[in-house]
Amino acid sequence: MLRNNHPTPLYRQLVEVLRHQIEEGKFKPDHPIPSERGLCQEYRISRITVRQAIAEMINEGTLYRKQGKGTFVAKRKINQGLVRFVNFSKTVLDLGMNPVTKILGNDIVPADIQMARILDIPATGQVLKLTLLGMADQDPLVLYESYFPVPLGKRLAEEAARREREGIPFSTYDLYGEPSGILPGSVNQTLEAVIADDPLASLMQIRKGSAILMITSVFLAVDQRPLEFRKAMYRGDGYKFHITREFS
């Protein structure tokens, strides 16, 4: 029960109680929490207090409202650091969800001028484009569009096909090593916010105009030879990223 004589405000106490109940599985993602009236009666507090607690949890992304239907538990966001690489399957498994990767495309396409420069191939050359969809419990989370020099791309695409057949979740980072005989030595990345157009929204099962976090990466071998140019598009309602920075 909530305590009136406690230094923590009542609405904050209710927030902590509801968070604990969600973490313990009492309220599941996409399922409703009790109504405002129900919470008022259960905890003997005012509707203003309940609304203040719910508003805070909506702002932090723990809950969301459906017009005319009530307040629901939001799916947990994947909280991923930007300093070290963590593979897709481990990230999803750590949240207790089932990771799946689907190959959406494996094509040899002409390289445009920018791609040729990034991958250090002739301007009239070709690249292998590998498109992957990463899912958690069958919900799309991230779309990978990767471009490789063709010889390397073919080897990695074969490994990707094997993993898909065997039901092994992966991102392109997991394809390096033994299959290719190459390990990335470093990666240059850029993070930006974009909005989903119609094709991307349909693929990711979100509304057109929804927030997307896009990380553009250039993977380099130990000798600084370019290996891969990748665009990874993460659902804004499914991911958040963090980084620790030091003052100089």
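May I ask you to verify whether K208 is in contact with a helix residue (DSSP H, G or I) (Cβ under 6 Å, 6 or more places away or on another chain), basic (K, R) and either within 19 Å of I121 (Cβ to Cβ) or modelled with pLDDT of 90 or more (or both)? So K208 fits the description; yes. Quick one: what pairs do we get from region 4-21, first residue farther than 15 Å from I58 by Cβ, second in a loop (DSSP other than H, G, I, E, B), C-beta under 6 Å, 6+ apart or different chains? Going by the 6 Å Cβ cut-off, the qualifying pairs are L10/L2; L10/I45; Q13/L2; Q21/F27. Would you mind stating whether L119 is within 27 Å of Q224 (Cβ to Cβ) and either not charged (D, E, K, R) or not assigned by TED's automatic domain parsing to the domain that holds I215 (or both)? Yes; evaluated as a whole, the condition is true for this residue. Among the residues examined, E178 qualifies as at pLDDT below 90 and farther than 22 Å from V92 by Cα.
Residues of region 166-179 that are part of a loop (DSSP other than H, G, I, E, B) and either buried (at least 18 other Cβ atoms within 10 Å of the Cβ) or among the β-branched types (V, I, T) (or both): I168, P169, F170, S171, Y176. Scanning region 134-144 for residues that are more than 15 Å from A196 (Cα to Cα) and either within 11 Å of the chain's Cα centre (by Cα) or of a type in the set (D, E, K, R) (or both) turns up G134, M135, A136, D137, D139. Take M204 and tell me if it is within 22 Å of R117 (Cα to Cα) and either exposed (fewer than 15 other Cβ atoms within 10 Å of the Cβ) or not β-branched (V, I, T) (or both). No: the conditions fail for M204. Which residues, counting only those in region 48-76, are basic (K, R) and out of contact with any Leu (no Cβ under 9 Å at 6 or more places or on another chain)? Within region 48-76, R51, R65, K66, K69, K75 qualify.
Scanning region 38-68 for residues that are outside any helix (DSSP H, G or I) and not aromatic (F, W, Y) yields R44, I45, S46, E60, G61, T62, L63, R65, K66, Q67, G68.
The values are calculated or read from the model by the stated rules, or taken from the named source; none is laboratory data. Given the structure is predicted, the values throughout are model-derived calculations rather than measurements. Please note: Cβ atoms are built from the backbone with ideal geometry, for glycine as well, and neighbour counts cover all protein chains shown.
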